[in-house]
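Notes for the one structure printed next.
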Amino acid sequence: MPSDAERSSWIRTTTRNSRAVVLLVSPSMQECPGAERSRSHCQRKTVRNALLAITLTAMGCGSSKFHSVRDVSELKNNERVLVGEVRVEEGDLSQWVPGLYIGSVVVMNDEAATSGGNPWWATTVGTDVEDERFGRSGGVFVTAAPRTRVFMIGVRVYATAVVVGTNRLLQVPVEIPAAGPACAYIGTIVLRPEGEAFFADLRDEFELFKQRQRSAVLRGCKLERLLGHLHLPQDETVHALADREPVRLDLEDRGESYYGVRGRNASEILSAMAQRGPTTTDGVAHGATAWKMVPEVQCARYPDGFRVRSGRVRLELGVVLPQWENAAYGSATLRRQWDRFVERMRAHEDGHRRNALAGAEALRAALDTLEPAVSCEALQQKVRATFERTTQDCAEKDGRYDQETQHGKKQGVVLHP
């Protein structure tokens with residue numbers, strides 16, 4: 001049952017690139033049985049692609065309650081317009097399908113389409129309209145939707161080799177409430193593909209969205225903010241307080257990796273490192289320590305509220321160092337100087353490593369003693385705030401460490417030209 005929330009942040013030396021993310025997986029979606037794939041039972045739409053003229057059968061039976069709209073005047077009774085944005089980071093949607101990528105759409109359900117309040121029991125497919133498709137890196141979606149509680153449950157990806165598309169579902173769907181404006185911005189959903197899963201973050205970028213996407217807003221549509229929220233199922237079982245496992249810390253040490261540099265003297269080597277070294281927000285560095293914290297927690301109900309029942313903090317660590325590829329052509333003095341330079345750089349990066357380990361342990365301890373919340377969603381907000389505070393503290397500690405050591409110069413990380 002979906003319940004885990006995952007947050008991650010990559011840090012390279014003094015940089016922090018944190019993202020609030022929720023674990024997404026891709027359970028199979030039931031297709032409409034072959035005997036029922038007729039116009040009277042399943043809605044069909046045509047792919048606009050010169051290479052492949054095929055008919056796409058919408059998932060589930062019954063007409064779709066989410067459809068394309070060009071003007072507010074086209075809305076039917078009890079309909080509204082939902083506007084949002086999907087953005088893909090660190091990958092793209094084409095990796096999910098073979099063949100030539102065509103486009104993607106969001107998959108949505110309304111409350112009537114769910115079984116027992118479970119948003120994954122789909123009887124309709126979302127804005128499966130060719131004009132509404134967005135690119136492999138994401139884009140804007142605009143759909144007419146019923147004025148009931150609705151859910152964005154995933155993304156459907158189309159390619160020439162896949163007739164009906166490939167679905168990737170959110171383990172934690174985005175819920176949009178029934179009440180609200182007639183033309184609503186529901187949020188920017190940031191996706192990060194990773195293996196067979198998605199990580200996602202629901203962000204409020206309303207003002208930026210209006211500035212960037214003015215042409216996407218419909219005629220007659222006065223866009224207002226109506227942010228969705230993550231629909232976290234709540235376990236109705238009340239567990240005993242003793243039924244909790246300590247949050248653990250798992251270290252995934254990737255060790256050292258290297259980038260090659262060439263030069264016959266110190267000046268040439270320094271120039272090569274400036275061109276090929278790891279990139280941080282401070283610029284190109286000679287060496288870097290990359291760390292990534294990922295908290296994974298399971299929520300459960302207890303007599304005093306909703307708590308972390310079990311979980312872990314996964315810490316990935318890696319160090320990037322230079323490697324002098326043509327050292328044999330350098331002088332003996334320069335080789336000795338280089339060996340000392342790398343040795344001192346390794347010692348400096350070990351300080352960043354210790355900071356990351358301390359930060360991960362602080363996050364683990366904080367999650368282990370997190371106060372109960374009124375719901376799993378509220379608990380997730382606590383996890384998010386704890387994660388952001390801990391990673392910020394860790395990044396600031398790295399920054400102070402670099403200031404105190406002048407990025408290792410005071411520790412001997414110097415190569416004299």
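The values are calculated or read from the model by the stated rules, or taken from the named source; none is laboratory data. Every value quoted in this text rests on a predicted model; they were computed, and no experiment measured them. Cβ sites come from the backbone with ideal geometry, for glycine too, and all protein chains shown count toward neighbours.
Test Phe341 against the stated conditions and say whether it is modelled with pLDDT under 95 and either over 30 Å from Ala300 (Cα atoms) or assigned by TED's automatic domain parsing to the domain that holds Ala300 (or both).
Here the answer is no, as Phe341 does not meet what is asked.
Which one of these does Pro417 not meet: (1) surrounded by fewer than 15 Cβ atoms within 10 Å (Cβ to Cβ); (2) in contact with a Ser or Thr (Cβ under 8 Å, 6 or more places away or on another chain); (3) modelled with pLDDT of 90 or more?
In the conditions (1) surrounded by fewer than 15 Cβ atoms within 10 Å (Cβ to Cβ); (2) in contact with a Ser or Thr (Cβ under 8 Å, 6 or more places away or on another chain); (3) modelled with pLDDT of 90 or more, Pro417 misses (3) alone.
Counting just the residues of the range 365-417 that are touching a strand residue (DSSP E or B) at 6+ places or on another chain (Cβ under 7 Å) and part of a loop (DSSP other than H, G, I, E, B), which one comes out farthest from Asp250 (Cα to Cα)?
Within the range 365-417, the match that is farthest from Asp250 (Cα to Cα) is Val374.
Scan the range 372-404 for residues that are within 12 Å of Ala356 (Cα to Cα), in contact (Cβ under 8 Å) with a residue 40 or more places away in the chain and acidic (Asp, Glu) and report the count.
1
Looking at this structure, is Ala358 of a type in the set (A, V, I, L, M, F, W, C), within 23 Å of the chain's Cα centre (by Cα) and surrounded by fewer than 19 Cβ atoms within 10 Å (Cβ to Cβ)?
When the stated conditions are applied, Ala358 does not pass them.
Hey, can you tell me all the residues within the range 271-300 that are surrounded by fewer than 18 Cβ atoms within 10 Å (Cβ to Cβ) and farther than 30 Å from Leu367 by Cα?
Answer for the range 271-300, where residues must be surrounded by fewer than 18 Cβ atoms within 10 Å (Cβ to Cβ) and farther than 30 Å from Leu367 by Cα: Ser271, Ala274, Gln275, Arg276, Thr279, Asp282, Gly283, Val284.
To keep it simple, each residue is scored yes or no on (1) in contact with a Gly (Cβ under 9 Å, 6 or more places away or on another chain); (2) basic (Lys, Arg); (3) within 19 Å of Thr280 (Cβ to Cβ).
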{"residue": "Leu321", "(1), (2), (3)": "yes, no, yes"}
{"residue": "Asn326", "(1), (2), (3)": "yes, no, no"}
{"residue": "Arg336", "(1), (2), (3)": "no, yes, no"}
{"residue": "Asp350", "(1), (2), (3)": "no, no, yes"}
{"residue": "Ala362", "(1), (2), (3)": "no, no, no"}
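Within the range 339-352, can one find any residue that is β-branched (Val, Ile, Thr) and touching a residue at least 60 places away in the same chain (Cβ under 8 Å)?
No, the range 339-352 has no match at all.
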